[in-house]
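Q: Mind looking over this structure? Questions follow.
The values are calculated or read from the model by the stated rules, or taken from the named source; none is laboratory data. As the structure is a computational prediction, the values presented were derived from the model and not from experiment. Heads up, the Cβs are rebuilt from the backbone with ideal geometry, glycines too, and the neighbour counts pull from every protein chain shown.
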Amino acid sequence: MKKVIVLAALFLSACAHHKDVRPGDDGIHRVLVRAEDTDEGSRDAIKQANHFCEKRGQYAAFVNEEQKYSGDMDEQNYKNAKRATKVAKTVGGAAWVFGAPKESNLGGIVGLGGAAADEAIGKGYTVDMKFKCK
């Protein structure tokens, strides 16, 4: 069952190479990405822009990039909450895999709780890149 879920996830992610690209009439295109941090957002935006241009036999030339925090809570609280959810997912996952039956059940609960909290917190950063295909 786990293999089916992994394969389905890989298949679905392969179909969305440049889902956030918005083509522009003037040849300047835009990719707007929400991410957990600016590095992840920039990498995703660049990847999507490159794929968009490669489909046209060209390469992406970046014109402008803006990164900003756009979350609902204070930025430092967001970072602290994200760090806590990652710890819960990691520790819970390890206990679920390596623990005895009681620890395994508790680990699963902690890991799922961390994942649910992470999803509820959402992606707090927006990266907006403008580019041309050359």
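Q: Just wondering, is there one or more residues in segment 57-65 that are exposed (fewer than 10 other Cβ atoms within 10 Å of the Cβ) and modelled with pLDDT under 95?
A: The answer is no; no qualifying residue exists.
Q: Starting from segment 53-77, take each residue that is in contact (Cβ under 8 Å) with a residue 60 or more places away in the chain and list its partners that are exposed (fewer than 11 other Cβ atoms within 10 Å of the Cβ), counting only C-beta distances under 7 angstrom and pairs at least six apart or across chains.
A: Q58/K134; Y59/K134; A61/K134
Q: Give me a count of the residues in segment 52-82 that are assigned to a loop (DSSP other than H, G, I, E, B) and among the polar types (S, T, N, Q).
A: The total comes to 2.
Q: What do you reckon, is K102 of a type outside the set (A, V, I, L, M, F, W, C), part of a strand (DSSP E or B) and either exposed (fewer than 14 other Cβ atoms within 10 Å of the Cβ) or modelled with pLDDT under 95 (or both)?
A: no
Q: From A115, A49, grab the single residue that is modelled with pLDDT under 90 and either surrounded by 13 or more Cβ atoms within 10 Å (Cβ to Cβ) or not in a loop (DSSP other than H, G, I, E, B) (or both).
A: Just one listed residue meets the conditions, A115.
Q: How many residues does segment 25-35 contain that are of a type outside the set (A, V, I, L, M, F, W, C), modelled with pLDDT of 95 or more and either at positive phi or surrounded by fewer than 18 Cβ atoms within 10 Å (Cβ to Cβ) (or both)?
A: Going through segment 25-35 one residue at a time, the tally reaches 2.
Q: Now for a separate question. Can you pull out every residue in segment 26-63 that is under 11 Å from the mean Cα position of the chain (by Cα) and β-branched (V, I, T)?
A: V33, T38
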